[in-house]
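The values are calculated or read from the model by the stated rules, or taken from the named source; none is laboratory data. Model, not experiment: these values are computed from the prediction. All Cβ positions, even for glycine, are placed from backbone atoms using ideal geometry, and neighbour counts span all protein chains on display. When the accessible area is computed, the model is the full protein with side chains, heavy atoms only, and any ligands, DNA or RNA have been set aside. Shrake-Rupley method; radii C 1.70, N 1.55, O 1.52, S 1.80 Å.
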Amino acid sequence: MRIAFGADDENEATRAVLGYLSELGEVVRVGADAPWPTIGAEVGRAVTGGRADFGVVMCWTGTGTAIAANKIPGVRAALAWEPWIATGARLWNDANVLALSLKRLAPDVAVEVTRAFFATPRPDPDEAGNIARISELEPGQNPPR
């Protein structure tokens, strides 16, 4: 598995997540020394462009990199702060990018959330219709019914 990773700062949480990701497969570092919007977008492009199977972004809250990643068509970035949220993001939303706070998550919790995300290999088949509707959404249009 190839995992794109980008963070706008480095600390114990980012190092712990990187250590865990390296156990899962090849880590593709993107956005070195770039601002968080660029990092989120570059991780998103790595996933949708086939350079990575999944992505992980980290910024102070995780929100900015998630928003930036979600601007890339085909990205479904989810901000998670506990394992249940990360599992649900994969299971019910087929999230392909995990966003984490590097300031509010302790290193062990950040790894636990990441582990939950990657431990859910595929979405719930009962959610296939809803997940497909996400791809049908276009800016400025009403959601499909």
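Accessible area per residue for region 1-143 in Å², computed with a 1.4 Å probe and the full protein assembly in place, what is it?
Values: 7390 Å² over 143 residues.
On a per-residue basis, 52 Å².
What order do Ser101, Ser22 take when sorted by accessible area (1.4 Å probe), most exposed first? Don't skip to the answer; put the middle values down first.
Working: Ser101 10, Ser22 75 Å².
Ranked from most to least accessible, the order is Ser22, Ser101.
With every protein chain left in place, what is the accessible area of Ile67 in Å² (1.4 Å probe, nearest 10)?
100 Å²
Under 10 Å, Cα contacts only: if you run a Gaussian network model on the chain, which one of Trp60, Trp84, Trp36 comes out with the highest mean-square fluctuation?
Trp84
Report, in deg cm²/dmol and to the nearest 500, the calculated mean residue ellipticity at 222 nm for the chain, where each DSSP H run with n ≥ 4 adds -39500 (n - 2.57) and the sum is divided by the residue count. Could you put the intermediate results ahead of the total?
Details: 6 runs with 66 residues, N = 145.
So the helix-based figure for the chain works out to -14000 deg cm²/dmol.
Taking 0.36 nm per intervening residue step and subtracting the Cα-Cα distance, what contour gain separates Glu26 from Arg51 on full extension?
Values: separation 25, 0.36 × 25 = 9.00 nm, distance 1.06 nm.
Extending this stretch completely gives an extra 7.9 nm.
Using 0.36 nm times the number of residues separating Lys71 and Arg104, minus their current alpha carbon distance, what extension gain do you get?
Details: separation 33, 0.36 × 33 = 11.88 nm, distance 2.41 nm.
Taking Lys71 through Arg104 to full extension adds about 9.5 nm, to one decimal.
Probe radius 1.4 Å, ligands and nucleic acids ignored: give me the carbon and sulfur share of the accessible area of the chain as a rounded percent. The partial results should precede the final answer.
Details: 4010 of 7680 Å².
Roughly 52 percent of what the probe reaches on the chain is carbon or sulfur.
Could you work out how far helix 36-48 tilts from the main Cα principal axis of the chain, as a 0 to 90 degree angle to the nearest 10?
60 degrees
Please give, to one decimal in nm, the separation of the simple spin-label points placed at Asp33 and Asp9, each 7 Å out from Cα toward the Cβ.
2.0 nm
Just add up the charged neighbours of Ala4: K/R +1, D/E -1, any other residue whose Cβ is under 12 Å from the Cβ of Ala4.
On the way: positive: Arg2, Arg29, Arg45, Arg51; negative: Glu26, Glu42, Asp53.
Net charge around Ala4: +1.
By the scheme Lys and Arg +1, Asp and Glu -1, what is the net charge of all other residues having a beta-carbon under 11 Å from that of Val47?
Working: positive: Arg2, Arg45, Arg51, Arg76; negative: Glu42, Asp53.
With Lys, Arg at +1 and Asp, Glu at -1, the net is +2.
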